[in-house]
1. I need the helices (runs of 4 or more DSSP H) fully contained in segment 45-125, keeping only those with at least 3 residues that are modelled with pLDDT under 85.
2. Residues 111, 126: which one is without any contact (Cβ under 8 Å) to a residue 40 or more places away in the chain and either within 21 Å of the chain's Cα centre (by Cα) or surrounded by 16 or more Cβ atoms within 10 Å (Cβ to Cβ) (or both)?
3. (1) in a loop (DSSP other than H, G, I, E, B); (2) surrounded by fewer than 23 Cβ atoms within 10 Å (Cβ to Cβ); (3) free of Cβ contacts under 8 Å to residues at least 40 places away in the same chain: which one isn't true of residue 309, the others all being true?
4. Part of a strand (DSSP E or B), under 21 Å from the mean Cα position of the chain (by Cα) and closer than 19 Å to residue 257 by Cα - does that describe any residue in segment 150-163?
5. Among the residues of segment 172-180, is there at least one that is farther than 30 Å from residue 234 by Cα and either in contact with a strand residue (DSSP E or B) (Cβ under 7 Å, 6 or more places away or on another chain) or exposed (fewer than 15 other Cβ atoms within 10 Å of the Cβ) (or both)?
6. State whether the residues of segment 270-281 include one that is farther than 25 Å from residue 169 by Cβ and touching a helix residue (DSSP H, G or I) at 6+ places or on another chain (Cβ under 8 Å).
7. Can you tell me which residues in segment 386-397 are surrounded by 12 or more Cβ atoms within 10 Å (Cβ to Cβ) and over 25 Å from residue 122 (Cα atoms)?
């Protein structure tokens, strides 16, 4: 593969020239060998503060030694020795050249389509970073292997796909041939929980104050809510904010997630968080979402919150909502409320019980009461609630419902549809203090 001469890097804040990169490769190997000599494998994967200080000192000494040698023999010196030192440290113990982007508050996702095409998503906008690249495919693979090593996972031809959660909460997915056609492809998604309450979502412009008050009352009244949306639309953040509206300390909440992202365990006094786990290299030790939902039922919850349903666990979630766990919450990947409800029934039909799609559709219609549809607007990067949909039952073999709030294109805001929510009676019966906004009452009058 031809050597690529990179322009100065402005994207990651270090500004290395091609000479610095060439020297950096040699120093990296030299320093890695030295580190391996004084640290055992466990320390290399999980170094302590003293180990990190020792490695920084080693890197500083080696870079300074190179500068002295270069000056002695009249060779080109490093243009950015401090930047080289930081990148060497990051390549050994952090995320290498990707570390500055991970640290950026505005960066949401990093996608490496091979070693030389790296895209980032900032504020909802995806773009190529032309001056950010790995020297070769092996360097990218080595980074992934170092990141997943402490997690007991592997990436090789016999196991060419890996999905893991990094210590900072970011999710990493990597694919190599033969699962990919040519390169190692890596996606690192940061979980940015920018809001922890419906009030904060209102401040961000995700939903109106009227909708926030209605949803808060619905949660407190024990309404079963499904959050629907596309990739990166803010489903998990919305789920967390809805869960935070659970008012009573006597409520016992059990959360079930594939990758821990919710913070309800920190926000609610009586909350238990459960996490799924993939099987090991031998294919044993897997803990499925479905297993966790069933286990949650034995922990005497008043509500169950499932981070996302996308398979047979949908049936267990529906059963849980129908067996006294009112006010349970979950999310689903779908483009509209009706699509979300149909998707839920379809996934439930994948369970071993093999119930008919018709009976499952009726179960969904009886169980899910509200669907909150969220959307990411690509041009602005803004996450918004675009619909609050109330399920009213079955009509002609399909799930029926009504829009309570919907996004008005003319005014670009959520407006009430004029339909009186059926769940108001439920709120009153539960003693939840809620009334429709004054403008809604005027329209009803």
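1. Details: elements: 49-72, 81-93, 99-103.
By residue number, 49-72, 81-93.
2. 126
3. For residue 309, the exception is condition (2).
4. Looking through segment 150-163, at least one residue is part of a strand (DSSP E or B), under 21 Å from the mean Cα position of the chain (by Cα) and closer than 19 Å to residue 257 by Cα.
5. Yes, the conditions are met somewhere in segment 172-180.
6. Kept after step one, since they are farther than 25 Å from residue 169 by Cβ, are these residues of segment 270-281: none.
No, the conditions are met nowhere in segment 270-281.
7. Of the residues in segment 386-397, the ones surrounded by 12 or more Cβ atoms within 10 Å (Cβ to Cβ) are 386-392, 394.
Hits for segment 386-397 are 387, 388, 389, 390, 391, 392, 394.
Quick grid of which residues meet (1) assigned by TED's automatic domain parsing to the domain that holds residue 111; (2) outside any loop (DSSP other than H, G, I, E, B); (3) within 21 Å of residue 109 (Cβ to Cβ); (4) free of Cβ contacts under 8 Å to residues at least 12 places away in the same chain:
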{"site": "167", "(1), (2), (3), (4)": "yes, no, yes, yes"}
{"site": "172", "(1), (2), (3), (4)": "yes, yes, yes, no"}
{"site": "181", "(1), (2), (3), (4)": "yes, no, no, yes"}
{"site": "186", "(1), (2), (3), (4)": "yes, yes, yes, no"}
{"site": "210", "(1), (2), (3), (4)": "no, yes, no, no"}
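The values are calculated or read from the model by the stated rules, or taken from the named source; none is laboratory data. Please read these numbers as outputs of a predicted model, since none were measured by experiment. All Cβ positions, glycine included, derive from the backbone under ideal geometry; neighbour counts span all protein chains shown.
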